[in-house]
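A.B. asks: Below you will find the structure I want to go over with you.
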Amino acid sequence: MLTASIVVTDPPMADLDNFFECLKNSSVKPQLFVVDNSSTPIDHPIIREYAFKHIKNGKNLGYGSAHNIAMRMILDTSEFHFVLNTDIRFGPDEFEKMLEFMRNNPNVGQLMPKVLNEDGTLQYLCKLLPTPSDLMLRRFMPRAFHPLFRRRMERYELRFTGYDRIMDIPYLSGCFMLFRVAALRQVGLFDERFFLYPEDIDLTRRMHAQFRTVYFPGASIIHAHARTSYKNARYLWRHTRNLIRYFNKWGWLHDPERTRVNRELLRQLKR
């Protein structure tokens, strides 16, 4: 069994239309769980047509918590599960390429493909485990100061690799996550203390501790990255509050696992 989940919270209808058009044309069609965080459930004919199950929460539970509802339903039945954003697009054969790699590499617990902007440029979504300064500089540093920290940020995003090879990465973006369900059963689901944003860092690093977490450039998707917290004060506050929770959990300055994992990764990548 192959499954997928998306979370909708009053998304632009164009996003849903584009997403479902890609799903319609895909050579692989997972059973899709639509987890609806809208206060008034979204009534859209394309959801009624393509959703295996439409879960109506009646309120915004957060990204990880909503996906967890779907994943708990499939833990005993599915082999692979896609956690997807609605603002992605993908070609007909991209899911199959990823699944073939997962089937041929049973020690891989999680996979992220190459992620492109709408203009075809690369999104640098493979990262080291972050320090507080990595995330604070990235989020709050004025553009005028970007050149001063460019080398540090490029190292954090592993740009020197060229993103042209398979890599084992401890922090993969939550915009597209393909999981081996047996690995999820062992590692656990999203930490529901994180309403939004660092839940992908947390889950990937937990997965990375027990399984391979792979960037796979043999398949690609397009991601219309909204960067909501850069435009909305409420989301900025949520972003900041959840980053605090993340570092309270894993450590601010003292995080021995982060130090070890990052050092080993940079050694493997010959940096």
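A.B. asks: Please report Met71, Met136 as a ranked list, fewest other C-beta atoms within 10 angstrom at the top and most at the bottom.
C.D. replies: Ascending Cβ contact count within 10 Å gives the list Met136, Met71.
A.B. asks: Percent of Cα-Cα pairs more than 22 Å apart in the range 2-268, please.
C.D. replies: 56 percent
A.B. asks: Let me ask another. Of all DSSP beta bridges in the range 2-268, what percent run antiparallel (nearest 5)?
C.D. replies: 40 percent
A.B. asks: When we measure straight from the Cα of Lys24, which aspartates and glutamates land under 16 angstrom away, once same-chain ones fewer than 8 places off are left out?
C.D. replies: Asp15, Glu49, Asp87, Asp93, Glu94, Glu96
A.B. asks: Rounded to the nearest 500, what is the chain's calculated 222 nm mean residue ellipticity when only DSSP H runs of at least 4 contribute -39500 (n - 2.57) each, over all residues?
C.D. replies: -11500 deg cm²/dmol
A.B. asks: List the residues, sorted by chain then number, that are 5 or more residues from Met167 or on another chain and whose placed amide H is less than 5 Å from its amide H.
C.D. replies: Placed amide hydrogens put Tyr215 under 5 Å from Met167.
A.B. asks: Using 1/(1 + (r/R0)^6) with R0 = 35 angstrom and r between the beta carbons of Thr121 and Asp76, what's the FRET efficiency to the nearest 0.05?
C.D. replies: 0.30
A.B. asks: Let me ask another. Of the options Asn242, Phe80, Thr40, report the single residue whose Cα projects farthest towards the positive end of the charge dipole of the chain (beta-carbon charges: Lys, Arg +1; Asp, Glu -1).
C.D. replies: Sorting the options by dipole projection puts first Asn242.
A.B. asks: By count of other Cβ within 10 Å, fewest leading, how are Asp76, Asp17, Asp36 ordered?
C.D. replies: By the 10 Å Cβ count, ascending, the order reads Asp76, Asp17, Asp36.
Read-outs throughout are calculated quantities, based only on the coordinates presented, and are distinct from any laboratory measurement. Since we're looking at a predicted model, the values are computed, not measured. Heads up, the Cβs are rebuilt from the backbone with ideal geometry, glycines too, and the neighbour counts pull from every protein chain shown.
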